[in-house]
Amino acid sequence: HPNVRRRAVTRVVLALAPLLVLQGCASGGAPRTDAGVSIEPASEEVWRALATPRPEPLPGAPRISVGTVELNGAQAWGLEAPLPLEVAFSELVVTGLLRRRDVHFVERRRFAAAVEAERRGARPPGAPAPGVSVTPDYILAVTWSTFGLPDGTLEMRLLEPERGAVVHSWREEAPAEADPVALARTVVGSLVEELRTLDRGVAWQDPRPDLAPTRFAPAGVDPEALRGFLDGLAAEERWDWERARVGYQAALAADPSFEEARVALARTARLRLGGTLSSS
């Protein structure tokens, strides 16, 4: 029941409060409250420390954008997400790509929206500049389907940017109850594997191969860490930097191994300090 879940979440957040206070004191920030209004701005020094550089793509790394995401069966996740689940899943894939050097992620969704806002002279308050983007080699489209069966199917397609034609497609199976983090990591890992079959792969030693398995593997990410990630992402989508920071830091406090939250936090800091959507 939603009320029962809300009370349970509140208890967990309260239990995490001392940890978040310590992290906030160390970073100059403040923990979030249930009302989400008591957030003190972090210092510029803190933001600079959080803005770790984006990994530099290796020479020859294929340029990849994330396109359409369709979720047929996401209700099994039981999430009360503060933003569309398709956006949340897309950004889990994006943050999985951003940490890699053997692919060159090219922002597409938010870049296109920012360019249109610039054209209309209606850039939202706090929104970063679009920057100058490059054309991707491929646009990745993903469909997750379960249809009430024990196993679901991840269908992935690589599209040619100009024509939108499918140039390569493949599938992976996963349990119907698989969580979104595990599925997103499967997308990233299988994408890298498929790029190798297309002779588009470049050699890179992944320090965390568990974050990109070539076949489905449970992620084991704490559910409260995912909740913090979604809170941070929803705030970042509004260019609310402080709430984004607190959400991602809450995710890392709940599960320090949740690398996608660490990547998103660094991206937020780079954007907050003046980075562009194309470069951050």
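The values are calculated or read from the model by the stated rules, or taken from the named source; none is laboratory data. All of these numbers come straight from a predicted model, not from anything done at the bench. FYI the Cβ positions are ideal-geometry reconstructions off the backbone, even for glycines, and counts take in every protein chain you see. Please note that ligands, DNA and RNA were not included when accessible areas were found on the heavy atoms of the full protein model with its side chains. Shrake-Rupley method; radii C 1.70, N 1.55, O 1.52, S 1.80 Å.
Taken together, the residues in the stretch 131-167 that are over 26 Å from residue 271 (Cα atoms) and among the hydroxyl-bearing types (Ser, Thr, Tyr) amount to 4.
To keep it simple, each residue is scored yes or no on (1) touching a Lys or Arg at 6+ places or on another chain (Cβ under 9 Å); (2) open to solvent by 30 Å² or more (accessible area, probe 1.4 Å); (3) in a helix (DSSP H, G or I).
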| position | (1), (2), (3) |
| --- | --- |
| 188 | yes, no, yes |
| 200 | no, yes, no |
| 206 | yes, no, no |
| 213 | yes, no, no |
| 226 | no, no, yes |
| 229 | no, no, yes |
| 245 | yes, no, yes |
| 280 | yes, no, no |
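Considering the stretch 166-193 alone, what residues qualify as being under 20 Å from the mean Cα position of the chain (by Cα) and among the hydroxyl-bearing types (Ser, Thr, Tyr)? Once the filter is applied, which keeps residues that are under 20 Å from the mean Cα position of the chain (by Cα) and among the hydroxyl-bearing types (Ser, Thr, Tyr), the stretch 166-193 yields 186, 190. Go through the stretch 78-97 and give me each residue that's surrounded by 20 or more Cβ atoms within 10 Å (Cβ to Cβ), touching a residue at least 40 places away in the same chain (Cβ under 8 Å) and not polar (S, T, N, Q). Within the stretch 78-97, 88, 89, 91, 92, 93, 96, 97 qualify.
Would it be correct to say that residue 124 is over 28 Å from residue 237 (Cβ atoms), modelled with pLDDT under 95 and either exposed (fewer than 12 other Cβ atoms within 10 Å of the Cβ) or not aliphatic (A, V, I, L, M) (or both)? Judged against the criteria, residue 124 is not a match. Considering only residues of the stretch 146-175 that are closer than 23 Å to residue 64 by Cβ and hydroxyl-bearing (Ser, Thr, Tyr), which is surrounded by the fewest Cβ atoms within 10 Å (Cβ to Cβ)? Per the stated criteria, the residue is 169. Here residue 30 passes the criteria (1) in contact with a Ser or Thr (Cβ under 8 Å, 6 or more places away or on another chain); (2) at pLDDT below 85; (3) exposed (fewer than 13 other Cβ atoms within 10 Å of the Cβ) except the one numbered (3). Among the residues that make up the stretch 168-186, is at least one of them under 17 Å from residue 143 (Cβ atoms), of a type in the set (Val, Ile, Thr) and in contact with a Leu (Cβ under 7 Å, 6 or more places away or on another chain)? Yes: one or more hits. Restricting attention to the stretch 42-75, the residues being more than 19 Å from the chain's Cα centre (by Cα), crowded, with 17+ Cβ neighbours inside 10 Å and farther than 22 Å from residue 259 by Cβ number 1. Of all the numbered requirements in (1) surrounded by fewer than 20 Cβ atoms within 10 Å (Cβ to Cβ); (2) at pLDDT below 95; (3) of a type in the set (Gly, Ala, Ser), residue 178 misses one, and that requirement is (1).
Exactly one residue among 143, 153 is farther than 24 Å from residue 206 by Cβ, under 19 Å from the mean Cα position of the chain (by Cα) and part of a strand (DSSP E or B), and that residue is 143.
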